[in-house]
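The values are calculated or read from the model by the stated rules, or taken from the named source; none is laboratory data. The structure presented is a predicted model; accordingly, all values stated were derived computationally and were not measured. Reconstructed Cβ throughout: ideal geometry from the backbone, glycine too, with neighbour counts over all protein chains shown. Calculation scope for accessible area: heavy atoms of the full protein, side chains included, ligands and nucleic acids excluded. Shrake-Rupley method; radii C 1.70, N 1.55, O 1.52, S 1.80 Å.
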Amino acid sequence: MTEPSQNIDTAAVHAGAHSASPYGDLAPPIHLSTTFERAPDGGYPGGHIYSRNHNPNRSALEDALAVLEGGAASAAFASGMAAATAIFQALAPGDHVIIPADCYYGTRRVLEEHFTRWGLSFTAVEMERAEQVRAAMLPATRMIWIETPSNPLLRITDIAEVVGIAAEAGAVTVCDNTLATPVLQRPFELGVDLVLHATTKYLGGHSDVLGGAVVARVEDELFQRIRAMQIAGGAVCSPFDSWLLLRGMRTLPLRMRAHAENAMAVARYLLDASSVTRVHYPGLEDHPGHELARRQMRAFGGMLSFEVAGGAEGAMRAASRLELITRATSFGGVHSMIEHRASIQPGGGIPLGLLRLSVGIEHVDDIIADLRNALG
Ligand SMILES: *Cc1c(COP(=O)(O)O)cnc(C)c1O
């Protein structure tokens, strides 16, 4: 249930590979058919009925996600937010959820704008402070939502500690593992019940597919409700998107090592850059979550953020001078991307001079040269 039975590098290459093709294809075929033929006796000899329910490419992706994350089962969705929505839909009216203050803004927004109308309530806390989590617990608290490292401030939550608080109250825990991926962080080994992925990011890895997934440590009633919502609601990962995601995941461990190594070097460079006032990266010794991240993660990941002197104007000016690093939202692709977060998430309490950098797998000297040119 915990480690994949193989090393994750090997599992990433082979998980979800089914060689059912009569031609002996090594690369899996894409099954575009929406419907599957019934036998004269009414049975389904191919094991499939209709593509919203099940599709061979989606099943292969779901098997691979469960293997890599060390879970029992997974459900793949059309986006990370479709996956998060299915988790909230599995709760009942009157239930209370605790989320981190530095939560992915889409997650908070879907709770605020939609699920409160359906009778869910939530409290946002600084989840790196256990006493705040304890203080927010209500008799109706059914779920604690963990996101670590957080985005864009790279705060680190003690997963095992929050799992302990939830367990005392019989609440379940979800960990949004999008930033770390199963290569760098293993939430199920720390007792988390569900893992969420925006597969759009590192799992896909090439900024060409939108997807999401819920992985379950055990296939319990909660996961069955999520699975039922996936099938009934139909926000499923398409055959081609499933195929692209599985192809991306083959190189996930290699890419994560390169992202993390480059990010560490870029963070050290930024510390010394004169127009940079602050660097947020858990790999730096002075980061408040550094020791915890060292225990909880295998490396510190490919995301960092930094604050530039001169507020929003200074940050926008620096970003405008970049040539290699692309100005765009989102992260996790092989190419470096930068974003002025406060202008896309206004009112989110993000420092105005903050730039979020998704460090790509280009040669680190080229990434640093581009930054030096823009910041100098
Ligand atoms: C992007 C992201 C999501 C949402 O994923 P989409 O595919 O954009 O819907 C959720 N959580 C985190 C941490 C993300 O970065």
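Please give me the summed charge of the neighbours of Gly248: other residues whose Cβ is under 12 Å from its Cβ, Lys and Arg +1, Asp and Glu -1. Could you put the intermediate results ahead of the total?
Details: positive: Lys201, Arg247, Arg250, Arg255; negative: Asp208, Asp241.
With Lys, Arg at +1 and Asp, Glu at -1, the net is +2.
Each Cα pair under 8 Å and six or more residues apart adds its separation to the average, and for the chain the resulting relative contact order is 17 percent. Residues Ile30, Ile368, sorted by accessible area with the largest first, give Ile30, Ile368 [1.4 Å probe; ligands and nucleic acids excluded]. The accessible area of Leu271, taken with all protein chains in place and a 1.4 Å probe, comes to roughly 90 Å².
Tell me which residues come under 5 Å, amide H to amide H, from Thr173 once H is placed; ignore anything under 5 positions away on its chain. Amide H neighbours of Thr173, under 5 Å, 5+ apart: Ile144, Asp193, Leu194. Taking a ≥ b ≥ c as the square roots of the eigenvalues of the Cα gyration tensor, segment 160-308 is oblate, since a/c reaches 1.5 or more and a/b is not larger than b/c. Scanning the chain for long hydrophobic helices, with DSSP H runs required to stretch 24 angstrom or more by C-alpha along their axis and to average at least -1.0 on the Kyte-Doolittle scale, returns 252-272.
Please sort by residue number the GluC sites (Glu not before Pro) in segment 37-85 whose DSSP state is loop and whose Cβ has at most 10 other Cβ atoms within 10 Å. Passing sites in segment 37-85 are Glu37.
The share of accessible area on segment 185-240 that comes from carbon and sulfur is 57 percent, using a 1.4 angstrom probe. Under 5 Å between amide hydrogens, built in the peptide plane, is the criterion, and for Thr141 it picks out His96 among residues at least 5 positions away or on other chains.
Under 1.5 on a/c is rounded, so check that first for segment 73-222, then, if it is not, pick prolate when a/b is larger than b/c and oblate when it is not; a ≥ b ≥ c are the square roots of the alpha carbon gyration tensor eigenvalues. The partial results should precede the final answer.
Numbers: a/c = 1.44, a/b = 1.25, b/c = 1.15.
Rounded, since a/c falls under 1.5.
Sparsely packed loop sites in segment 310-376 (the trypsin sites (Lys or Arg not before Pro) outside DSSP H, G, I, E and B with at most 14 other Cβ atoms within 10 Å) comprise Arg321. The mean of 1/r over all distinct Cα pairs in the chain, once inverted, gives the Kirkwood hydrodynamic radius of 21.4 Å.
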